[in-house]
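Rule-based calculations on the coordinates, nothing more; no lab input. What you are looking at is a predicted structure, and each value in this text was computed from that prediction instead of being measured. Every residue, glycine as well, gets a Cβ built from its backbone with ideal geometry; the counts of neighbours run over all protein chains shown.
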Amino acid sequence: MDIGKKIRELREGKKLNVKQLSELVECTPSLISQLERGKTDPSISMLKKIAEALNVHITDFFMKSMNDEDVVTQQGDRVVMQLSRWDARIQSLVRSTTNKKMQPFYTVIKPGGGSHGMYSHEGEEFGYVLQGEMDLMLNDKLHKVRKDENFYFSSTIPHDWGNSGKEDVIVIWVITPPTF
């Protein structure tokens with residue numbers, strides 16, 4: 001799924017022009033235009049602002065409509081959320097967040113990858129590191145979360161995550177409510 005096309009589709013569905021969306025997001029119309037044309041990738045914090053302005057979840061930029069009756073999601077059916085800027089591959093472990101109270105992800109963070117900027121939102125987050133060592137910044141405190149360790153925090157705390165190591169970091173990550 002082309003995220004820029006999806007942003008444009010959702011913006012047009014809300015009857016907003018580029019300038020109106022840029023004002024809601026507090027950025028330049030040029031940035032919105034570049035995002036929609038695929039000329040640049042947004043940070044997670046920018047994607048979150050756009051989602052809030054359009055009254056959608058971040059996953060809505062990536063997901064197609066699915067049957068809410070689906071119970072089992074096979075590996076090949078996972079919705080992949082990936083932007084080159086993140087250098088991380090985030091796979092939703094459910095095909096739809098409609099009527100769900102939590103949102104689980106299988107996340108692979110490449111060396112040097114991460115959210116690249118502090119952001120916050122409602123809810124709570126839990127994660128379990130399957131491989132590597134993840135950097136988790138909460139406010140101004142860095143937490144190193146290693147293999148077989150987990151984290152749990154309020155998503156209202158400004159946070160940033162990344163991988164400063166030399167191997168991929170793999171995390172099972174759960175957000176509640178589904179706000180990503």
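Summary of values
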read-out: Length-normalised contact order for the chain - Cα pairs under 8 Å, 6+ apart - percent; value: 20
read-out: Rh (Kirkwood; distinct C-alpha pairs) - the chain, Å; value: 16.8
read-out: Charge context of residue 160, other residues only, Cβ under 12 angstrom, K/R +1, D/E -1; value: -1
read-out: q = 0.11, 0.15, 0.16, 0.24 Å⁻¹, region 75-176: log10 I(q)/I(0) [Debye, one scatterer per Cα]; value: -0.30, -0.57, -0.66, -1.48
read-out: Length added when fully stretched, residue 27-residue 55, from 0.36 nm per residue minus Cα-Cα; value: 8.4 nm
read-out: Distance between modelled label sites at residue 71 and residue 172, nm, 7 Å Cα→Cβ extension; value: 1.9
read-out: Helix 44-54 vs. the chain, principal-axis angle (Cα, 0 to 90°, nearest 10); value: 40
read-out: Viscosity 0.890 mPa s, 25 °C: Kirkwood-radius Stokes-Einstein D of region 3-61 over Cα pairs, µm²/s; value: 225
read-out: Within-13-Å neighbourhood charge of residue 130 [Cβ basis; K, R +1; D, E -1]; value: -3
read-out: Flagged links, alpha-carbon separation over 21 Å, of 19/49; 14/39; 49/147; 5/39; 14/48; value: 14/39; 49/147
read-out: For region 153-160, Karplus couplings with θ = phi - 60° (6.51, -1.76, 1.60), whole Hz, Gly/Pro x; value: 7, 6, 5, 6, 6, x, 9, 8
read-out: J(HN,Hα) series, region 144-152, from Karplus relation 6.51 cos²θ - 1.76 cosθ + 1.60, nearest Hz, glycine and proline x; value: 9, 10, 9, 3, 6, 10, 9, 9, 8
